[in-house]
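Below is one structure; the comments refer to it alone.
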Amino acid sequence: MRESAKKLREKLLTNVDLKTTLKEIGRKTKKDRREFVDWVVSRILSKNPNIWFLEHRTIPALEEKGDERAKALRQVLKIIKSEKDLYGFKYEEVSEKAEIERIREREEIEELEGVIGRVSITQDDPSTPQAFSFWLKDSEDIYVEQGEMVEVRMDKNVVVIGVVEESTVISEKRNTVEHYYSWSFGQPERNLPTQIPVIKSGKARIVYRNDGKTAPLTRPYPVYKSRRETLENAFSSMIQKDYRILMGFVQDGSGALVPVYGNFTNVFGYRSGHVNITGKSGVAGKTSYALFLIASALCYSARMEDLGRYNKTLAVIAFNVKERDLLDIKGIEYENMEEAIEKLDEDTGSLWERAYRYEDNLGEDSPEYRVDPIKVFRDAQVFEPGKDFSYGLQDLLDFGIHTIAALLNPSDLDEKMDSLLLSIADEFRDGRTTFKELLEKLSTRISGARGNYITIGGTPHHEATVRKFMNRMNRVINSSGVGVIEPRVARGRPINVFDLEFSKLWVINIEPLEDNEQRMVFFSVLSSLHSILPAKKRGQEYVSNWFIGDFPSRVSVFVDELNKFAPSGKGYSPIKEFIKEIASRGRSYGLTLIGAEQFASQIDEEILGNCSTYFIGKSEEVELSDRFYRRLPGGLRSKIPFLKQGELIFMHDPIEVPFVIKFPKPLHRIREE
């Protein structure tokens, strides 16, 4: 029988008709097909090798309940019957009157449906509109993990989806001492004649209820492993079709991948906006996930562009802050996604295949719905400091004083320095003065001053404040090693944000720069967007004589190590105040941030609080004591230190309940491993 089962498994895995049928019911990847075949051979036929039951009991019962797997099982039955020896199985009609067979049939159907327990409603654990408790069947094979989805079927039409927040096992023994005495007075080598019974239980938070009601569960309804079709219907119904962008995947009870969507207008404006990704460096996958999200969003934008819906277009500007995190994205070794999916390992390939077949998730038969990172990243434009962009004094004055303030140390910034910078802008924003000339003129004024105050732009400033500014600027000019600061010319070659196009990705490399130079470039770009996008939304066609009629309706800016630009704490900083302004108002005109950092506790609370979407990766316990993480239920919060690479906890305004999602490795990093 073992050889026959092996032969059948090989046949099922390679059969074209079965492959087609599985695709029709949503099991599209190699991993999906393998899991279905294992389910058939190991769980169905191994428990009952009489295929008469498969034909006359199992398949009809599943068809009656609307389970799509029945269609694939009929194809399996056809394959088995095509062999003379039925692959070693038997076909024997069984009397319906036999009680033992009826019991076996009932148990088999229950096993196939995935019944794992019952809703529990007690005084200690009452059911609420948001959550319910449950217990699990006493079987070694039945268990649930924190973050897993379970399904409650109230009747044939009403289904509730819950995400498991707590999973516990308890026995009748009250403590370890009592358990010690019950085990033959502490003799571990002994085997007890009867097993000490244990109860497996859990708590789940309701993610979705298809009748739309917000009410507690009122009966001990059966609990099931979640099904792909139920989860897919749930996540699809939460987000209107025209606004769906792929955010990642969850797995159903059998391991099949199910797409999870976000609402474009909640992620990138105008309804709400801003994304924050936090987690431990090197293991949380912050940049990897950001690239996946960017690819998904820009493919959505390209689709809107093709349809002429320019009010839903997006472009992304990403700042490369460390090493070559973003600079290698153009070096993907595969020609196209079909080749990548074919050559990737099973886990990574199945995730990318589901992302690339995004159209099937929406019930569409159109390639425009694909998430294609190869196309997005090969078309990306990379800017190198000194080579592709540099800044003179007049450029920075045009962008605003916060851009010059970014060149100073945060500890230097106070109201006196702000006032001095405003005065410098008033007097020296003339299109001619260079950094060197500015410092020479300030030095001359100090030398000829009578008293401790110097007039600049019509306003008196204390000599100490002016000297501090001069010292800091001299240090900046002299330490600029890659030529991003132009000390002797009034204007350099600043990044011209007006050139940004629909559905395009720009990568600006600021890794070689000093921290203050990084801040300066970052704020120069934000300043330009801050002036263009509100005008674009108002319907203006020109800003500063530049045509913006074909400018994207929204722009998102990705930056790692956000804590460099918006640190926590109450210290005054015009730089941080500018980011606060964007965080609070930017989404209303389409300017959003995708920020990433190791520790959410190091980010300004107001900026963090204005995000509509959060992703939390693996983090240490000490970080989880910060009050930011209190928004997570305790059970899910305790899972954070144990998250794997490629897993994040996902929180999104329209969905309300947090849960764990999976995402694929970036294609340009596959060769590194």
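Condition check ((1) in contact with a helix residue (DSSP H, G or I) (Cβ under 7 Å, 6 or more places away or on another chain); (2) of a type in the set (Gly, Ala, Ser); (3) within 30 Å of Glu335 (Cβ to Cβ)) across all residues:
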position	(1), (2), (3)
Arg627	no, no, no
Gly635	no, yes, no
Ile640	yes, no, no
Leu643	no, no, no
Phe650	no, no, no
Ile655	yes, no, no
Pro658	yes, no, no
Ile661	no, no, yes
His668	yes, no, yes
Taking first residues from the range 6-17 that are part of a loop (DSSP other than H, G, I, E, B) and second residues anywhere that are among the aliphatic types (A, V, I, L, M), the pairs with Cβ under 8 Å that are 6 or more apart or on different chains are Asn15/Ile79
The conditions are (1) in contact with a helix residue (DSSP H, G or I) (Cβ under 8 Å, 6 or more places away or on another chain); (2) in a loop (DSSP other than H, G, I, E, B); (3) more than 21 Å from Ser479 (Cβ to Cβ), and Ala425 fails exactly one of them. Which is it? (2)
Residue list for the range 476-501, filter: out of contact with any Gly (no Cβ under 7 Å at 6 or more places or on another chain), crowded, with 18+ Cβ neighbours inside 10 Å and closer than 20 Å to Leu526 by Cβ: Val476, Ile485, Pro494, Ile495, Val497, Leu500
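Got a number for residues in the range 512-553 being of a type in the set (Phe, Trp, Tyr) and closer than 23 Å to Arg472 by Cα? Explain how you work it out, then say what you get.
Step one: of the range 512-553, the residues of a type in the set (Phe, Trp, Tyr) are 522-523, 542, 546-547, 551.
Among the residues that remain, those that are also closer than 23 Å to Arg472 by Cα are: 522-523.
Looking only at that region, the number is 2.
Among the residues of the range 508-531, what is the count of those that are part of a helix (DSSP H, G or I) and either over 17 Å from Ala405 (Cβ atoms) or free of Cβ contacts under 8 Å to residues at least 12 places away in the same chain (or both)?
At the first step, the residues of the range 508-531 found to be part of a helix (DSSP H, G or I) are 515-531.
Retained after the next criterion (residues that are either over 17 Å from Ala405 (Cβ atoms) or free of Cβ contacts under 8 Å to residues at least 12 places away in the same chain (or both)): 529, 531.
The qualifying residues number 2.
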If I filter the range 154-200 down to residues being farther than 15 Å from Leu136 by Cα and basic (Lys, Arg), which single residue comes out as modelled with the lowest pLDDT? Lys156
Does Lys644 satisfy being without any contact (Cβ under 8 Å) to a residue 40 or more places away in the chain, under 24 Å from Tyr289 (Cα atoms) and in a loop (DSSP other than H, G, I, E, B)? yes
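From the set of residues in the range 253-264 that are touching a helix residue (DSSP H, G or I) at 6+ places or on another chain (Cβ under 8 Å) and surrounded by fewer than 22 Cβ atoms within 10 Å (Cβ to Cβ), which is nearest to Ile116 (Cα to Cα)? Please lay out each step first, then the result.
First, the residues of the range 253-264 that are touching a helix residue (DSSP H, G or I) at 6+ places or on another chain (Cβ under 8 Å): 254-261, 263-264.
Those still in the list that are surrounded by fewer than 22 Cβ atoms within 10 Å (Cβ to Cβ) too: 254-255.
Values: Ser254: 13, Gly255: 16 Å.
Applying the filter and picking the extreme gives Ser254.
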When every residue in the range 188-246 that is of a type in the set (Val, Ile, Thr) and surrounded by fewer than 19 Cβ atoms within 10 Å (Cβ to Cβ) is compared, the one farthest from Arg153 (Cα to Cα) is Thr194
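Only residues that are surrounded by fewer than 20 Cβ atoms within 10 Å (Cβ to Cβ) and in contact with a helix residue (DSSP H, G or I) (Cβ under 8 Å, 6 or more places away or on another chain): list them for the range 457-475, please.
So the first thing to find is which residues in the range 457-475 are surrounded by fewer than 20 Cβ atoms within 10 Å (Cβ to Cβ), and the list is 457-460, 462-465, 467-468, 470-472, 474-475.
Within the range 457-475, Gly457, Gly458, Thr459, His462, Glu463, Thr465, Arg467, Lys468, Met470, Arg472, Asn474 meet the criteria.
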Of the residues that make up the range 210-224, is at least one of a type outside the set (Phe, Trp, Tyr) and not in a loop (DSSP other than H, G, I, E, B)? yes
Counting only residues that are at pLDDT below 85, part of a helix (DSSP H, G or I) and of a type outside the set (Val, Ile, Thr), how many does the range 34-52 have? 7
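Being touching a Lys or Arg at 6+ places or on another chain (Cβ under 7 Å) and buried (at least 18 other Cβ atoms within 10 Å of the Cβ) narrows it down to one of Glu606, Glu647, so name that one.
Details: Glu606 fails: buried (at least 18 other Cβ atoms within 10 Å of the Cβ).
Of Glu606, Glu647, the one residue that is touching a Lys or Arg at 6+ places or on another chain (Cβ under 7 Å) and buried (at least 18 other Cβ atoms within 10 Å of the Cβ) is Glu647.
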From the set of residues in the range 52-93 that are among the β-branched types (Val, Ile, Thr) and in contact with an Asp or Glu (Cβ under 9 Å, 6 or more places away or on another chain), which is farthest from Val159 (Cα to Cα)? Ile79
Going residue by residue through the range 267-282, is there one that turns out to be crowded, with 22+ Cβ neighbours inside 10 Å, closer than 17 Å to His652 by Cα and among the aromatic types (Phe, Trp, Tyr)? yes
Let me confirm something: among Phe663, Phe628, which residue is aromatic (Phe, Trp, Tyr) and surrounded by 22 or more Cβ atoms within 10 Å (Cβ to Cβ)? Phe663
Go through Lys639, Lys662 for me and flag whichever is at pLDDT 95 or above and among the basic types (Lys, Arg). Lys662
Mind checking which residues of the range 378-397 are assigned to a strand (DSSP E or B) and more than 16 Å from Ser528 (Cα to Cα)? Gln381, Val382, Phe383, Pro385
Take the residues in the range 161-178 that are aliphatic (A, V, I, L, M) and in contact (Cβ under 8 Å) with a residue 60 or more places away in the chain, then tell me which one is farthest from Arg637 (Cα to Cα). Ile161
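In the range 529-570, which residues are among the polar types (S, T, N, Q) and surrounded by fewer than 24 Cβ atoms within 10 Å (Cβ to Cβ)? Give the steps one after another, and end with the answer.
Of all residues in the range 529-570, those among the polar types (S, T, N, Q) come to 531, 540, 544-545, 553, 556, 563, 568.
Ser531, Gln540, Ser544, Asn545, Ser553, Asn563, Ser568, listed by residue number.
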Restricting attention to the range 587-637, and to residues there that are of a type in the set (Ser, Thr, Tyr) and over 19 Å from the mean Cα position of the chain (by Cα), which single residue is nearest to Gln130 (Cα to Cα)? Ser625
The range 611-625 - residue that is in contact with a His (Cβ under 7 Å, 6 or more places away or on another chain) and polar (S, T, N, Q) and, of those, surrounded by the most Cβ atoms within 10 Å (Cβ to Cβ): Thr613
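The values are calculated or read from the model by the stated rules, or taken from the named source; none is laboratory data. In this text the structure is predicted, and so the values were computed from the model without any measurement. So basically every Cβ, Gly included, is an ideal-geometry build from the backbone, and we count neighbours across all protein chains shown.
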